[in-house]
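Participant: Pasting a structure below so you can have a look.
Laboratory data are not the source of any read-out in this text; all were calculated from the coordinates shown. In this text, all values refer to a predicted model and were calculated from it rather than measured experimentally. Positions of Cβ are backbone-derived with ideal geometry, glycine not excepted, and every protein chain shown enters the neighbour counts.
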Amino acid sequence: MKIAFATIGDARDVRWGSGTPFFLSRELIKQGHIVHFLGPLVVRLPFLTRVFKRLSRSAGKKYFSYRDPFIGRVLGRAVERKLVQLDYDVLLTNDFCLAGYTRTEKPIILYTDAIFPYNYSENVHPWLDNISVVGVIFCQLTTRRGMQNSDQCIFASYYGQSEAVKYKLPGVRSVVIPYGANIDPPLKANPRSIDRIYKKKVLDLLFIGKDWQLKGGDIAVKTTRILNEKGVKAALHVVGADLSDVYVEPYIRFYGLLNKDREAECVKLQELFELCDVLVVPSRAEGYGLVFVEAAAYGIPSLAYDTTGTKTSVGTNGVLFDISENEEAFVSQIQLWLEQPSLYQQYSNRALQNYHDKANWAQAIRQLVKEMSDALKLKQDAD
């Protein structure tokens, strides 16, 4: 297929968008499709966008500039200009604004892990807290328009799809295709075992996240502390955030942000995936939760909260706890695995199996191409 891939940022940059547009487009090309990159899109914020942003901030509220109809029209026109004289079959985007405000006779495919909640009062994502009233209205307007203007809406999680259904938009088609892992997996990953932990003489826990509060870094630290207090020698490896000046225990190690486009840092991240035995990321909310499928590629079971996107990304790869639980629940599960090695091995096996069956980009792209082909055929038949 010939695919016009419209993104706000640069999909060729592995650092942008958690690397998802990069790995997605790379796999499309690997499978023999032609990808026309239409990003990054650099535009000036419209006057009304700047006005509403200023008014919201003066009231102590948030305002998402790239989620209002004014910037939407500007972005849509920018994409349309790039599409002129371009030979393409479908327009693929991960952005509601681009899907909603771009005019084209070709099918529009929206593939995303994010959606603005239909009922804002039920929002659980801290990043979306404290948005101005007009900001909420515009975000929901853009979300609605993006889905209505798309020939196919594809969500990375069942949470995203269920939230889309609440908008009750007639004629909107939606499916779930989980994202793949944004890493180059090992050539051969073996299931983990408790024997391996005993041979190392230490239980290595892994936490990955830049937003310490949102990702539950404090719970990961407390879990490690309690395990050591109970006589289980455990180490916590922290990637993303760096609070080494706050947490000084020798068994808590900070690596800072490891960029996948820098060879030495990418190798370090791979080494940590090879080393660690359990992923502990108690996020309060996740659009999808890429880190959980990245861990699954290495056979690492995950411990997380049962919230939004984790229902899809963790699935049977690990154990999900109710959001009301604290670090004691995480400690108890790890102790259970240590007491029942076969149970731990089962979760490791499931993680690897889920990665190979579902949570890899090769599989995701095959499904994506089928959906795009079906949308193209429906469009052609209608014409």
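Participant: Compute the angle between helix 327-339 and the longest alpha-carbon principal axis of the chain, please, reported from 0 to 90 degrees and rounded to the nearest 10.
Facilitator: Long axis of 327-339 versus the principal axis of the chain: about 60 degrees.
Participant: Continuing with the same structure: I'd like to know how region 1-86 sits against the 2.2 N^0.38 Å rule of thumb: what's its Cα Rg over that expected value?
Facilitator: On the way: Rg = 15.9 Å, N = 86, 2.2 N^0.38 = 12.0 Å.
Dividing the Cα radius of gyration by 2.2 N^0.38 Å gives 1.33.
Participant: May I ask you to order 114-126, 94-106, 11-23 by the average number of other C-beta atoms within 10 Å around their residues, highest value first? The partial results should precede the final answer.
Facilitator: Details: 114-126: 15.2, 94-106: 22.4, 11-23: 20.1.
Result, highest mean Cβ count within 10 Å first: 94-106, 11-23, 114-126.
Participant: Output ³J(HN,Hα) for region 257-265: one whole-Hz value per residue in order, computed from phi by the Karplus curve 6.51 cos²θ - 1.76 cosθ + 1.60 with θ = phi - 60°, and x for Gly and Pro.
Facilitator: 7, 9, 7, 6, 8, 10, 4, 4, 6
Participant: Any idea what angle helix 341-357 forms with the longest principal axis of the chain, computed on alpha-carbon atoms, 0 to 90 degrees, nearest 10?
Facilitator: 20
Participant: Now, a different point. Suppose every K and R has +1 on its Cβ and every D and E has -1 on its Cβ; what is the size of the dipole of the chain about the Cα centre, in Debye to the nearest 20?
Facilitator: On the way: 48 positive and 42 negative charges, 213 e Å.
Around 1020 debye, computed over the chain.
Participant: Assigning unit charges at the beta carbon (Lys, Arg +1; Asp, Glu -1) and nothing else, what dipole magnitude in debye, to the nearest 20, does region 194-357 show about its Cα centre? List each step's numbers first, then the result.
Facilitator: Values: 17 positive and 23 negative charges, 59 e Å.
The dipole of region 194-357 has a size of about 280 debye.
Participant: On C-alpha positions alone, give me the angle between the axis of helix 47-58 and the longest principal axis of the chain, in degrees, nearest 10.
Facilitator: Value to nearest ten degrees: 40.
Participant: ³J(HN,Hα) across region 17-24 via Karplus (A = 6.51, B = -1.76, C = 1.60, θ = phi - 60°), whole Hz, x for Gly/Pro?
Facilitator: Going residue by residue, I get x, 6, x, 4, x, 5, 5, 4 Hz, with x marking Gly and Pro.
Participant: Go through region 364-376 residue by residue and turn each phi into a ³J(HN,Hα) via Karplus (6.51, -1.76, 1.60, θ = phi - 60°); whole Hz please, and just put x for glycine and proline.
Facilitator: Karplus-based 3J(HN,Hα) across region 364-376 equals 4, 5, 4, 5, 4, 5, 4, 5, 5, 5, 5, 5, 5 Hz.
Participant: Counting only residues 5 or more places away or on other chains, whose amide H sits under 5 Å from the amide H of I3 once H atoms are built in the peptide plane?
Facilitator: I34, V35, H36, D89
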